[in-house]
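The values are calculated or read from the model by the stated rules, or taken from the named source; none is laboratory data. As the structure is a prediction and not an experimental result, all values here were calculated from the model. Positions of Cβ are backbone-derived with ideal geometry, glycine not excepted, and every protein chain shown enters the neighbour counts.
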Amino acid sequence: MRMKLDRRTGRLLRRLPRVTVYSGLEIALLSLVAIQCARLVWAIVTPVGPVGEWRASLPVQTAQTIPPSAFAAFDPFFRLNGDTGPMQVTSLNIKLFGVREDRASGRGSAIISTPDGQQQSFAVGDEIVPGVTLTGVSFDSVTISRGGATEQLFLDQSQPAPVAGSGTPQPSAAPSPAYTSSTTPPLPAVTPPPAAQPVTIVSAPPRKTP
């Protein structure tokens, strides 16, 4: 059974826009945008305090909570644990003549004279003489291990360095005499001009015309 509408209701229904697929998509998109805007406004105006503290509370570690053993184990100068005092200088009949320090790799080499008088280059870990090993290189000394004991060997500075420019000085040129305001400098030599030669004037008689 078909419902009959009066004319007025029919005119109102005809004035309404027709709903299509595109218009339905537009309405859905507008609804989503309105919902997102409402959520954004709610997030801005909602206070943080009543809901709860949003920042995580971190425990503050004071000096009273740090155990004293931590300060005793920390070395601000990064010293070695076994470095309790100065090492002993070796008494072996060897001399140090040069070093090559390599701080990047912790290795290096040194030129050392053995007891037989020969100079050789030894790297860290090489055996200098039986029972003596090179263990470290510094800027002016080396460290050796002698029977498990650590000893030092410094550069040989008994001979003075040669003095640069020790040649015989050459004699310098004699200085020119100086003149002051009280002395008159010598005048330059002037050559007189040559004597003028006499000039003879000869007059010719006038020429007669025919």
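Per-structure values
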item: Condition check for residue 169: farther than 16 Å from residue 89 by Cα and either modelled with pLDDT of 85 or more or touching a Ser or Thr at 6+ places or on another chain (Cβ under 8 Å) (or both); result: no
item: Residue within segment 118-126 that is assigned to a strand (DSSP E or B), β-branched (Val, Ile, Thr) and touching a strand residue (DSSP E or B) at 6+ places or on another chain (Cβ under 6 Å) present; result: no
item: Residue, modelled with the lowest pLDDT, within segment 1-11, restricted to residues that are part of a helix (DSSP H, G or I) and surrounded by 10 or more Cβ atoms within 10 Å (Cβ to Cβ); result: 10
item: Set 63, 70, 56: member being out of contact with any Gly (no Cβ under 7 Å at 6 or more places or on another chain), assigned to a helix (DSSP H, G or I) and either on the phi > 0 side of the Ramachandran plot or modelled with pLDDT under 65 (or both); result: 70
item: Residues (within 14 Å of residue 102 (Cα to Cα) and outside any strand (DSSP E or B)) located in segment 127-140; result: 138, 139, 140
item: Hey, residue 141 closer than 19 Å to residue 155 by Cβ, at pLDDT 90 or above and surrounded by 11 or more Cβ atoms within 10 Å (Cβ to Cβ) or not; result: no
